[in-house]
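Trainee: One structure follows; several queries about it will come next.
The values are calculated or read from the model by the stated rules, or taken from the named source; none is laboratory data. All values reported here derive from a predicted model rather than from experimental measurement. All Cβ positions, glycine included, derive from the backbone under ideal geometry; neighbour counts span all protein chains shown.
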Amino acid sequence: MNNNYFAKNLIQMIISLFVIIFLSSILISTIDLLTKIVVAIFLTFIINQFLMNLFFVLNKNNIAVLFKKINLILFFVYWFGFLFYWNYININKHEYMSVLFSIPFLFMGAFFVYKEFKRKWKGVYIWRNY
């Protein structure tokens with residue numbers, strides 16, 4: 001295994017561990033439900049990132065690629081969840097200009113989903129960074 005590759009993943013693991021501790025303390029100490037939901041989403045993403053880097057360090061690339069796929073799915077769920085929630089709130093408030101503003105982001109997210117899954121489901125799983 002390349003030492004630079006190992007060091008990069010190890011540094012990312014350490015950073016992820018500090019972020020996990022920080023977000024866990026926020027999740028435990030806060031009372032607001034909306035804050036807990038948002039922090040839980042980011043905490044799930046960071047835990048997944050930590051596990052992905054751990055399996056890359058342990059040279060278990062197949063399991064690490066599985067966590068990379070889960071990371072991608074979590075990102076798209078967060079992206080579209082935020083946009084649909086934002087549109088729901090703005091439609092209820094009759095603020096249609098904000099809904100029009102979010103349409104390009106919906107199309108951009110749909111394009112990213114199409115691009116990622118079209119490339120990845122052709123048989124060979126290719127990642128840009130690894």
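Trainee: For the stretch 43-67, give me each residue that is over 18 Å from residue 20 (Cβ atoms) and β-branched (Val, Ile, Thr).
Mentor: Answer for the stretch 43-67, where residues must be over 18 Å from residue 20 (Cβ atoms) and β-branched (Val, Ile, Thr): 63, 65.
Trainee: Six or more apart or on different chains, Cβ atoms under 7 Å: show the pairs whose first residue is in the stretch 10-28 and in contact (Cβ under 8 Å) with a residue 12 or more places away in the chain and whose second is part of a helix (DSSP H, G or I) and charged (D, E, K, R).
Mentor: 27/36
Trainee: Of 84, 45, which residue is surrounded by 16 or more Cβ atoms within 10 Å (Cβ to Cβ) and either closer than 24 Å to residue 13 by Cβ or modelled with pLDDT of 85 or more (or both)? Before the answer, list the steps.
Mentor: Working: 84 fails: surrounded by 16 or more Cβ atoms within 10 Å (Cβ to Cβ).
On inspection, the qualifying residue turns out to be 45.
Trainee: Answer with yes or no whether residue 53 is touching a helix residue (DSSP H, G or I) at 6+ places or on another chain (Cβ under 8 Å), closer than 20 Å to residue 10 by Cα, surrounded by 17 or more Cβ atoms within 10 Å (Cβ to Cβ) and not aromatic (Phe, Trp, Tyr). Can you show your working first?
Mentor: Numbers: touching a helix residue (DSSP H, G or I) at 6+ places or on another chain (Cβ under 8 Å): yes; closer than 20 Å to residue 10 by Cα: yes; surrounded by 17 or more Cβ atoms within 10 Å (Cβ to Cβ): yes; not aromatic (Phe, Trp, Tyr): yes.
In short, yes.
Trainee: Taking residue 36 and the conditions (1) in contact with a Phe, Trp or Tyr (Cβ under 7 Å, 6 or more places away or on another chain); (2) charged (D, E, K, R); (3) under 26 Å from residue 86 (Cα atoms), which numbered condition does it fall short on, given that it satisfies the others?
Mentor: Condition not satisfied by residue 36: (1).
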